[in-house]
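Nothing in this text is a laboratory measurement; each read-out follows from the coordinates by a stated rule. Since this is a predicted model, take the numbers as computed values, not measurements. Cβ: placed from backbone, ideal geometry, glycine included. Neighbour counts: every protein chain shown.
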Amino acid sequence: MKEFQRYLLDRIAAANSHTLSVYRQQGGYKAIEKVLKTPLKPEDVITVMKDSGLRGRGGAGFPTGMKWSFMPDVTKDPRPRYLAVNADESEPGTCKDRVLMERDPHGLVEGCLIACYAMRAKAAYIYVRGEYRLSYDRVQAAIDEARAAGLVGKNILGTDFSCDIWMHKGAGAYICGEETGLMESLEGKRGHPRPKPPFPAGSGLWKSPTTVNNVETIFNAPFIVERGAEWFKSMGVPKSTGNFLCGISGHVNKPGVYELPFGLTARQILDEVAGGIWKGRKLKAFFPGGSSTGLMPASAIDVVMDHDSVKAAGSMFGTAAMIFLDETASIPQVMDVTLRFYDHESCGQCSQCREGTQWLHQMFHRIARGKGKREDIDLLVSLANGMAPGKTICALADAAAIPTLAAVKHFRAEFEQCVELGRDPLAPTHAPAPELQGAH
Amino acid sequence: MSQTPNPAPSSASTPAPAPAPKPATIKIQVDGREVEADPKQPLIRACHDQGVDVPMYCYHPGLSPVGSCRICQVEVAAGPGQPSRVVAACRTPVSPGMVVQTDTPKAHETRRECLEFLLKNHPLDCPICDKAGECDLQDYSFNEGQGKGRSSEPRRKLEKRKSLGDVIVLDEERCILCSRCVRFFQEVTHKPQLTVSGLGSRSTIATFADKPLSGNYQGNIADICPVGALTLKPFRFQARVWNLSKTLSTCAECSRGCSITVEALRGKEVKRFRPRFNPQVNQHWMCDVGRFAYAPVTQALPPEGGIVGGRLVGAAIRGYHGLERVELESALAEVADLLRAASKPLVLLSPFVTQEEARAALELCAGLGVAPRFVSPAPNNLKDDLLHTGDPCPNRRGLSELGVAAIEPAAALAELAAANAALLVGERIQSLLDVAALAKLPATARLVVLDVAAHDLAALSAAIGVPTHVEKSGQWINVDGHVGVLNVAVPAPAGVAPLERTLRELLEHCRAPAAR
């Protein structure tokens, strides 16, 4: 793997990297100063973001500059405008935003200021999942420090730009990480996703124009503004620029969160970054971007890790949360656990999702316990096709159906074997973990 | 859902409300036909307005669309020849030139899939479910579903009979979480009482803090429930709905006169009043006071063949040995004699009499040379800002328009005490005047009562049974001038003649030469 430039996790090596003074020593708040003192027009900031080619890091990979430009014309729409930062990082496998919030919270604050300036938003709301206590405390402390230093609030840096940043703690529902569910939750309601249209840019928080961005996406903004779109485009591949945070977990020697450029192959990441599969075993399968993305077999390990290449290979880049499974892993067991999660987290609005996630979970559970029937495997495919794509209000049904379809496609023989033998030959020998009763 | 327009035009004597300006419409194509659609309404409305049946569970025309059940999927293209996709019709706005197809294999397949998921945990207890026969899930499963279930998983076990107060029972297993009931309390009564509790497949409908439901509009949630999850306590296990005859009628419990359907078991016994869509009066709703007011119209006969203390069938006059049953003809002759002998008999009408009956009464009074008045009790405390007016007189406006003056019960009783003959006409007139007070009147008051029930009154000279408002046809005029129709939902008991005919025959008797 050739050398590459790092910037996302550059600052966190320093002691007390989460404080304002250390952040400033490392060149922090220079980007917002550049924006406000030059001064750049909000449209110019959006243009830079568009030129940089930055794609959203929350999973869908939508171009960020374009998303920002969807906010209605301020001269024609007098409603207040908001930025909502999605820090409800709950996708199984994903753990990247946590590092940024715990270790470099001022980077997020500065990113919020730039985004709010570009979109003329009067406030940013950072929606942090409730389990991320340290993240919440660190970002809140950073906002307080910045506010005391005149960097958040009224007349920032003595200019007439005013912007507030507020924190909101989630209560532990995966669905509140869906952008419209997040907005409902922020408004104090049940986190039930809203049907689109209307899209958030037209009618979001409190029926006002709103943009929802992922933490890492916002975190990229100060770097792009300060160093320019050309610098950003020099990293990565043409259609997926910059670096991304890769959260590696599963049966590897060195799990963790790594900053990587787009364009490496999954094999490079596994062997050169994650230290290979543990215990000298072989790779069996991997999720390229979190549990909602289609499981890929070991034969796909040479896929290039960028949005378009992974999609062409039949899966999704997602949040780059790579989960590696070694040869001892039982795919029926993996799917049982995965679907248990989606069954538990479906909000329950749409019929297909509410009933379908439960149904799929029950079937995977049965197959993994050796009680499957031959016709179950085709039924899994048929049910998953009935749930997705795009048949429900939000993408949670898709998130359950996609890995189901991929698992059956690539590992049908293993499911058939479980059915034929009446037991799972790869089932763990230790007692299964007790079902969590009454967990939220 | 069928939408019955206001069945009769407004009465000629009141100015009809100006027709609302026709909303600007746009042209779309539904199943090959070019139709006009209201751009403010979702696509499903345009389909329903054209009589195209698009199934729905969470959508209800009286509530905001949420698009959660996903059963209303249709195939939509932006224009002819454009690529099409399947969308939920209740959350899709109409756009000019849109091409909508409800009857394609893709649309049917999507709906079949959706139904299969809905039926995954739905108990198949249709044989003991009160909703069977008018259940949307049952109907669409028959139309669109597959014959055989593919699930071998255990169904959800939840509470089968959870009381939500005096009116409603919830069966959590049957519930398909359409949230219509939740939105009803949020959007119609503006007093939220229900919520979806729990997440995903563990969701249930619940009241806040498990408090029982309150208010006068709870029954509506049983009507709008698309399955048998919410049932009315008084209607549970009372009738199979396919044995109920349905008759268009008008509610009698206040001057709003909500349009209703009277449902009678095999055309005989009234089992249910349900609201009927009327955009000018009650929309889709009615109050519980009106909904459960079918008990008075099914009054039992008096015990042991007596005359007083229950439903009055036929006619009776006071003879030497007290009240005696007589033929209607002879009773009318007696009454005519009594009225002619009296100087200025007092004539009081019930506010329940129809326009037709009131006209007959006016002719009779003209013959007697007196002016009738109608009994007008004080407003009750049921008035709210939704439907109930608090005025217990269903035909107050109609009687006023005919020139009949109102009289309060207390004033009427004072005049009755001084009268030497009085004619009390119409359903419930005795109870509106107060039966106990009537019983204290001196025998000289010589009451002739034309009511549904007979009471043991010392002053009662003659009593003639009349039909209740579900046993007759006619018109009432509501507080806003809209005409409400009454139709014969159940036959009046043998021996009870229509009141209008009785009054006209009485007039004939009054005109005829005296019998003796």
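Quick rundown of the values:
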quantity: Residues B:Trp476, A:Trp231 arranged by fewest to most Cβ contacts within 10 Å; calculated: A:Trp231, B:Trp476
quantity: Contact order normalised by residue count of region A:331-421, Cα under 8 Å, 6+ apart, percent; calculated: 36
quantity: Fewest-first sequence of B:Thr92, A:Thr94 by Cβ atoms within 10 Å of each Cβ; calculated: B:Thr92, A:Thr94
quantity: Within chain B: Cβ-based charge dipole about Cα centre, in debye rounded to nearest 20 (Lys, Arg +1; Asp, Glu -1); calculated: 1000
quantity: Integer Hz, Karplus 6.51/-1.76/1.60 couplings in order for region A:69-79, x for Gly and Pro; calculated: 6, 6, 5, x, 4, 5, 6, 9, 10, x, 5
quantity: Helix-only mean residue ellipticity at 222 nm for the protein assembly as shown, each DSSP H run of n ≥ 4 adding -39500 (n - 2.57), per residue, nearest 500; calculated: -9000 deg cm²/dmol
quantity: Per-residue Cβ neighbour rank within 10 angstrom, fewest leading, A:Trp359, B:Trp242, A:Trp166; calculated: B:Trp242, A:Trp166, A:Trp359
quantity: Mean Cβ count within 10 Å, highest first, over the residues of peptides B:151-157, A:15-21; calculated: A:15-21, B:151-157
quantity: Built amide H within the under 5 Å cut-off of A:Thr265, gap 5+; calculated: A:Met305
quantity: A:Met167 long-range amide H proximity, modeled H, under 5 Å; calculated: A:Ile126
quantity: For the protein assembly as shown, size of Cβ-based charge dipole, Lys and Arg +1, Asp and Glu -1, in debye; calculated: 840
quantity: Within 10 Å of each Cβ in A:356-362, the average number of Cβ atoms from other chains; calculated: 5
quantity: Computed FRET value (nearest 0.05) for A:Glu416 with B:His108, which takes r as the C-beta separation and R₀ as 45 Å; calculated: 0.90
quantity: Among B:317-327, A:177-187, the order from most to least packed when residues are scored by Cβ within 10 Å on average; calculated: A:177-187, B:317-327
quantity: Prolate/oblate/rounded label for region A:155-258 (Cα gyration tensor, a/c 1.5); calculated: oblate
quantity: Exceeding the 32 Å Cα-Cα cut-off - candidates A:Lys409/B:Lys131; B:Lys106/B:Lys271; B:Lys160/B:Lys271; B:Lys191/B:Lys271; calculated: A:Lys409/B:Lys131; B:Lys106/B:Lys271
quantity: Whole-Hz couplings from phi, Karplus 6.51/-1.76/1.60, listed for region B:198-214; x for Gly and Pro; calculated: x, 10, x, 6, 9, 6, 9, 8, 8, 8, 5, 6, 6, 6, x, 5, 9
quantity: Peptide A:190-197 - average C-beta neighbours from other chains (10 Å radius); calculated: 3
quantity: Segment B:Ser64-B:Arg202, extension gain: residue separation times 0.36 nm, minus the distance between their alpha carbons; calculated: 47.3 nm
quantity: Estimated FRET transfer efficiency (A:Glu230, B:Lys27; beta-carbon r; R0 41 Å; 0.05); calculated: 0.20
quantity: Span-like helix ranges in chain A, DSSP H, alpha carbon extent 30 angstrom or more, Kyte mean at least 0.5; calculated: A:396-421
quantity: Hydrodynamic radius (Kirkwood) for chain B, which is based on Cα pairs only, to one decimal in Å; calculated: 25.8
quantity: Rounded to 5, percent antiparallel among DSSP beta bridges of the protein assembly as shown; calculated: 65
quantity: Highest-MSF residue in chain A out of A:Gly228, A:Gly56, A:Gly170 [GNM, Cα springs under 10 Å]; calculated: A:Gly228
quantity: Angle between chain B longest axis and helix B:499-511 axis [Cα atoms, degrees, rounded to 10]; calculated: 20
quantity: Prolate/oblate/rounded call for region B:26-120, Cα gyration tensor, a/c under 1.5 rounded; calculated: oblate
quantity: Charge dipole magnitude, Cβ of K and R +1, D and E -1 - region B:303-511, Cα centre, debye nearest 20; calculated: 340
quantity: Prolate/oblate/rounded label for the protein assembly as shown (Cα gyration tensor, a/c 1.5); calculated: prolate
quantity: When each of A:Lys196/B:Lys27; A:Lys96/B:Lys120; A:Lys189/B:Lys383; B:Lys211/B:Lys233; A:Lys96/A:Lys371; A:Lys284/B:Lys120 is checked by Cα-Cα distance, pairs over 28 Å; calculated: A:Lys96/B:Lys120; A:Lys189/B:Lys383; A:Lys96/A:Lys371; A:Lys284/B:Lys120
quantity: Listed residue (B:Gly495, B:Val435, B:Gln299) projecting farthest to the positive dipole end of chain B, Cβ model; calculated: B:Gln299
quantity: Lys/Arg +1, Asp/Glu -1 at C-beta; region A:119-275 dipole; positive extreme among A:Ser208, A:Tyr125, A:Met167; calculated: A:Ser208
quantity: Max mean-square fluctuation residue, GNM over chain A, Cα-Cα springs under 10 Å, options A:Thr38, A:Thr392, A:Thr241; calculated: A:Thr38
quantity: FRET efficiency, 1/(1 + (r/R0)^6) with R0 51 Å, evaluated for B:Arg359 and A:Trp166 via beta carbons; calculated: 0.15
quantity: Other protein chain Cβ atoms within 10 Å, averaged over every residue that makes up B:111-119; calculated: 5
quantity: Simple label model, 7 Å out from Cα along Cβ direction - B:Ala494 to A:Asn16, nm; calculated: 10.3
quantity: Reachable aspartates and glutamates, given that their alpha-carbon falls under 12 Å from the alpha-carbon of B:Lys246 and they are not under 8 places away in the same chain; calculated: B:Glu263, B:Glu269
quantity: Extended-chain gain in nm, criterion 0.36 nm per residue less alpha-carbon gap, B:Lys191 and B:Phe142; calculated: 14.0 nm
quantity: Square roots of 5 times each gyration tensor eigenvalue, C-alpha, region B:351-433, largest first, Å; calculated: 24, 16, 9
quantity: Hydrodynamic radius (Kirkwood) for region A:11-234, which is based on Cα pairs only, to one decimal in Å; calculated: 17.3
quantity: Pairwise label distance in nanometres, B:Glu329 with A:Arg133, each label 7 Å out on the Cα-Cβ vector; calculated: 9.6
quantity: Cleavage-rule hits (trypsin sites (Lys or Arg not before Pro)) in region B:190-287: DSSP loop, at most 14 neighbouring Cβ within 10 angstrom; calculated: B:Arg236, B:Arg240, B:Arg266, B:Lys268
quantity: Separation in nanometres of the label points that stand 7 Å from Cα toward Cβ, at B:Asp337 and A:Ala149; calculated: 11.1
quantity: Cross-link partners of A:Lys41 among aspartates and glutamates (Cα-Cα below 15 Å; sequence separation of 8 or more within a chain); calculated: A:Glu33, A:Asp73, A:Asp160, A:Glu226
quantity: Long-range HN-HN contacts of B:Leu244 with modeled amide H, under 5 Å; calculated: B:Arg266
quantity: Stretchable slack from B:Asp53 to B:Glu508, in nm (0.36 nm times residue separation minus alpha-carbon distance); calculated: 158.3 nm
